[in-house]
Amino acid sequence: MTQASPLAPPSFPDLPAIAGVTARVAKARYKNWDRCDLTYVELAEGTTVAGVTTQSKCPSPEVEWCRDAIPLGSARALVVNAGNANAFTGHRGRAAVEAIAAKVANHLGCLPSDVFVSSTGVIGVPLPVDKAEAGLEAAFSAEPCDWEDAAKTIGTTDTYAKGARTSAMIGGTRVELVGIIKGSGMIAPDMATMLGYIFTDAAIDPKLLQQMLSAANRRTFSCITVDSDTSTSDTVLAFASGQAGNAPLTSMDDAGADAFHAALSDLCLQLAHLVVRDGEGASKFIEINVEGAESDASAHRIAMSIANSPLVKTAIAGEDANWGRVVMAVGKAGEPADRDKLSIRFGATQVASGGLALEGYDEAPVAAHLKGQDIQIGVDIGLGEGRATVWTCDLTHGYISINADYRS
């Protein structure tokens, strides 16, 4: 990994082992590099699974494979390939996924549909099956690794490994949740974000886990953007090994279901923020709060319009409180808005209201706020009760530098 983002946390968190989950990494050498690029996670029998995938109309075969397998509800393994997205690769891409799943299924004595596969990296290059199979052979015999090594191995342009943890009480049983994620660019998901994996020792019905993950996703992964581009490969999977010994959760009415849902949502939010803080070239983390819209959905679309505006993002990079660009982004969102009812603030300071700058507002605290790394933009549409919060980062020369020569 290159020099860490200035927004990176000081260190990788201390994540607990999850009973029934064993991770290993290996070198498949998908690119000309000397690093581990294949992650293999074995899951105990009885593990349940849920997932969300990209809304891209050009998804990778790995995404299609996961979409078919998730409704079956069971999992025994996860394989993540880094350096090659295996997207837009036709029948060869599908054959590579099938070969990977078959090899792992033969190793574990399970069904191929119990094996989940993800790939990330360059689009349009078929995943070399020989390298994948050699990497798997190496992984099968490798020593188990820690979560930090697994998080590093799934990365591509990431500048730091990303992981988080939460826990919950189900009855008298404490259950642990751990997540790792990769993502830095091509991030404007309609479902989740790049590649994220959640592991818990809780016993939970797959349909309930899916319900919880989908709900958590709507307010976390689907509320972040780095560059407005949705990947072909976006996938978030949650695996529950059932090894904690809790009374299995089957309904939101069960004791402890609310606590587990809250812990899962918190974990998703932590992971989503870590991705934004590693946005390619980012120097500032931006939270955008929109209220007063006609509906929550309308507020979300307005907030994403602001978050995806290159003019807003470059203004923040230049520490310029150019509220006119925020007005522009509200207006182009295609949602109900009234110019003369808009209010805009930077940090705690209101800068505009009623269609013009607030008379006599003090620009000094705004300038001080914009010099920081954590920026807040607030917009009140003034029409209703709808509200939404999204997160993004600024747009700097670093983003261009990274993506102008991504394949070289």
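What the table shows:
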{"read-out": "Among the listed pairs 131/162; 182/332; 313/371; 103/131, those beyond 23 Å (Cα-Cα)", "value": "131/162; 182/332"}
{"read-out": "Local electrostatic count at residue 363 - Lys and Arg +1, Asp and Glu -1, tallied over other residues with Cβ under 14 Å", "value": "-2"}
{"read-out": "Equivalent ellipsoid semi-axes - Cα gyration tensor, segment 21-277, angstrom", "value": "27, 20, 16"}
{"read-out": "Residue-averaged 222 nm ellipticity for the chain, from DSSP H runs of 4+ at -39500 (n - 2.57), nearest 500", "value": "-9500 deg cm²/dmol"}
{"read-out": "Length added when fully stretched, residue 218-residue 367, from 0.36 nm per residue minus Cα-Cα", "value": "50.4 nm"}
{"read-out": "Peptide ranges 363-372, 87-96, 390-399 listed from the most packed, as the mean C-beta count within 10 angstrom indicates", "value": "390-399, 87-96, 363-372"}
{"read-out": "Rounded, prolate or oblate (a/c below 1.5 giving rounded, otherwise prolate when a/b exceeds b/c) for segment 1-62 by Cα gyration tensor", "value": "rounded"}
{"read-out": "Over segment 270-345, volume per residue of the alpha carbon convex hull, in Å³", "value": "98 Å³"}
{"read-out": "Using θ = phi - 60° and Karplus 6.51 cos²θ - 1.76 cosθ + 1.60, couplings along segment 147-157 (whole Hz; Gly, Pro as x)", "value": "5, 5, 5, 5, 5, 5, 5, 7, x, 10, 8"}
{"read-out": "Rg in Å to one decimal, and Dmax rounded to a whole Å, for segment 295-408 via C-alpha atoms", "value": "14.9, 52"}
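We did not get these values from a lab; they are worked out from the coordinates using the rules stated. Model, not experiment: these values are computed from the prediction. FYI the Cβ positions are ideal-geometry reconstructions off the backbone, even for glycines, and counts take in every protein chain you see.
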